[in-house]
1. Under the rule of at least 5 residues apart or a separate chain, name every residue whose amide H is placed under 5 Å from the amide H of H244.
2. With the Cα gyration tensor of the range 119-263 giving a ≥ b ≥ c as the square roots of its eigenvalues, does the rule (a/c under 1.5 for rounded; else a/b larger than b/c for prolate; else oblate) give rounded, prolate or oblate?
3. Which order do K101, K227 take when ranked by solvent-accessible area (1.4 Å probe, heavy atoms of all protein chains), largest first?
4. Answer rounded, prolate or oblate for the range 40-143, using the Cα gyration tensor with square roots of eigenvalues a ≥ b ≥ c: rounded when a/c is under 1.5, else prolate when a/b is larger than b/c, else oblate.
5. What does the convex hull of the Cα atoms come to per residue for the range 186-301, in Å³?
6. Give a residue-ordered list of calculated ³J(HN,Hα) values for the range 197-207 (Karplus: 6.51 cos²θ - 1.76 cosθ + 1.60, θ = phi - 60°; whole Hz; x for Gly, Pro).
7. Tell me, what HN-Hα J-couplings in whole Hz come from the Karplus equation 6.51 cos²θ - 1.76 cosθ + 1.60 at θ = phi - 60° for each residue of the range 162-172, using x for Gly and Pro?
8. If you average the C-alpha positions of the range 103-123 and of the range 38-85 separately, how far apart do those two centres end up, in angstrom?
Amino acid sequence: MTTKLLRRLALAAALAAGLTTALTAAAQAAGPLTYDLKPTRIAPDTYVFEGSTKHFTRANGGNILNSGFIVTVDGVIVIQTGPSRRYGEEMRAAIRKVTDKPIRKVFISNLHPDYWLGSQAFADVPLAALPGTIAGIQEEGSGIADNMYRLVGDWMRGTEVTVPTEPVYGSTVRFGDHRLRLIPLAGHTAADLMILDETTGVLFAGGVVFCNRTPTTPHASIADWLKELDAVDALDIRLLVPNHGHIRPDKTCVAQTRDWLTWLDGTLRHAIESGMDMAEALELPIPERFAVLDVLREEYRRSVAHLWPKIEQESLPRVN
């Protein structure tokens, strides 16, 4: 082996060692992963952890939803548990800083991953969901969790599927000094649970309403989802908490969600009837009024992929 080759090998080894040291130092400087959850009080006894309006990424750890909790005289009611075991544990620790009352029940609104993958942290508490959500998690939970591991990586460490244990139906239940109306719907997914606190007028809308964030459609029926929005419009509320997007003191985002879904469905149907293929539909222009919606083009393209096959089947004539 020549002296020149030895020098090159030594230089390569030194560079590799330097890079390893730099990466290690950077990781140590970054510290442990944390969601840094801080509850915001939005009404008497009522708190929300506000999430990002972006996609699941390794930067946000999947924290894109608004989870929350209500402190009653009898204990705490938790609404959604977040996208990972780490999130659930941090959420529980943050609740403990607000109150030392025990957690009495957890409600899960649908089967999407950011609603329930933190449930391991609440395994000692009744986990309540609609029967359709329970069945959906039993059927798809492992695949949903695997996908989240790929999307957000180490944030998911130790996260396992924890299926809700208690089926709930449409009813009004009292927890201490709060009356909660449990509203079962279907459209955004096959089973969507909204929770209206009749004591404060706060509606936890689940995935039914999006606010300044483009709606997601992997399990959606647009026609049924529009009926869900009609149900929200019929409610007397003081504050609307969408699971994705900004909290509002009015129903502006109900109209915004309806406008988007109506345009999306009509546009795809017109594209199919006009003879376009899906590749062409992916690049169709989006009206300027929707520019306020975050992750607009990305979610539009995902929705085309989700909805196109069914709309195409409905729109094209059957030939025997």
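The values are calculated or read from the model by the stated rules, or taken from the named source; none is laboratory data. Because the structure is a prediction, the values reported are computed rather than measured. Neighbour counts run over all protein chains shown; Cβ positions are idealised from the backbone, glycine included. Note: accessible area is taken over every heavy atom of the protein model, side chains too, but ligands, DNA and RNA are not part of it. Shrake-Rupley method; radii C 1.70, N 1.55, O 1.52, S 1.80 Å.
1. Close amide H contacts, sequence-distant or interchain: N66, C211.
2. It is oblate, given that a/c is not under 1.5 and a/b is not larger than b/c.
3. The ranking, largest first, comes out as K227, K101.
4. Because a/c hits 1.5 or more and a/b fails to exceed b/c, the range 40-143 counts as oblate.
5. Normalising the Cα hull of the range 186-301 by residue number yields 93 Å³.
6. Ordered by residue, 3J(HN,Hα) equals 7, 5, 6, 10, x, 8, 9, 8, 7, x, x Hz.
7. Along the range 162-172, the couplings run 10, 7, x, 9, 10, x, 10, 9, x, 6, 10 Hz.
8. 11
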